[in-house]
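Everything on this sheet refers to the single structure shown next.
Derivation of every value follows stated rules applied to the coordinates shown; laboratory data play no part. What you are looking at is a predicted structure, and each value in this text was computed from that prediction instead of being measured. Backbone-built Cβ (ideal geometry, glycine too); neighbour counts: all protein chains shown.
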Amino acid sequence: MVNQKNVETKAEIFSKIEKSNALFFTEYRGLTVAELKDLRNKLGLENEYNVTKNTLAKIAAKEAGLPDLDSYLSGATAIGFIGDDPINAAKVFADFSKGNEKLIVKGALYDGVVYDAEGVKKLASLESREVLLAKFAGDVKATMAMAAATFQALPTKTVRTIDALKAQK
């Protein structure tokens, strides 16, 4: 007989997977309730960090068409369902695990790519989306300013050349 609570829990996990931009898999064993609450607060309101039943998470992941995540869904597992910036979330998990060795980041799924723990560290070392957008905007502005200066220099140089020729005659 099918357990209705498990069906509802699996549907809830499936819904969270569908809404997420990334998933982070961690081992939380040994963390206190206060530490888990602190981690959730650092992740922000757009993200969730929940302890899940591995079997139900595996079923939900398969139904969502995700790659094989069985190696990350074993033992005491909590999943970070990231709704906003995954790079920022990777930084939060990396910083929190440095300060608290009981949190072990197993891996992540971001943009269809599965990352191991080392890959998550590399994600955390990337600059945030806002910084990258600001750099891009600065590069575009600099290019446009150089083009404007070049276009402005041509008529000015032409006028000076004509004035020099007039002065010579």
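Here are the numbers for this structure:
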read-out	value
Ascending count of other beta-carbon atoms within 10 Å, so fewest first, for Tyr72, Tyr49	Tyr49, Tyr72
Zone of Ser128's modelled label, taken as backbone nitrogen in segment 4-48 under 16 Å from a point 7 Å along Cα→Cβ	41-47
Candidates Ala145, Ala108, Ala90, ranked by Gaussian network fluctuation over the chain, Cα under 10 Å, top entry	Ala145
18 Å Cα-Cα threshold exceeded, pairs from Lys10/Lys106; Lys16/Lys58; Lys91/Lys121; Lys19/Lys106; Lys58/Lys106; Lys5/Lys42	Lys10/Lys106; Lys19/Lys106; Lys5/Lys42
Charge dipole (segment 128-169, unit charges on Cβ, about Cα centre) - positive-most of Ala149, Ala167, Val131	Ala167
Low-density loop cleavage sites - trypsin sites (Lys or Arg not before Pro) in segment 54-139, where at most 16 other Cβ are within 10 Å (DSSP)	Lys102
Given (i) 12.5; (ii) 15.1; (iii) 11.6, the label whose value is mean projected area of the Cα convex hull in nm² derived from this model	(ii)
Amide H contacts of Gly107 (H built 1.01 Å from N, under 5 Å, at least 5 apart or other chain)	Phe25
Within the chain, helix-based [θ] at 222 nm, where runs of 4 or more DSSP H residues each add -39,500 (n - 2.57), nearest 500	-20000 deg cm²/dmol
Simple label model, 7 Å out from Cα along Cβ direction - Asn6 to Arg29, nm	2.3
Filtered trypsin sites (Lys or Arg not before Pro), segment 1-50: DSSP coil and at most 15 other beta carbons within 10 Å	Arg29
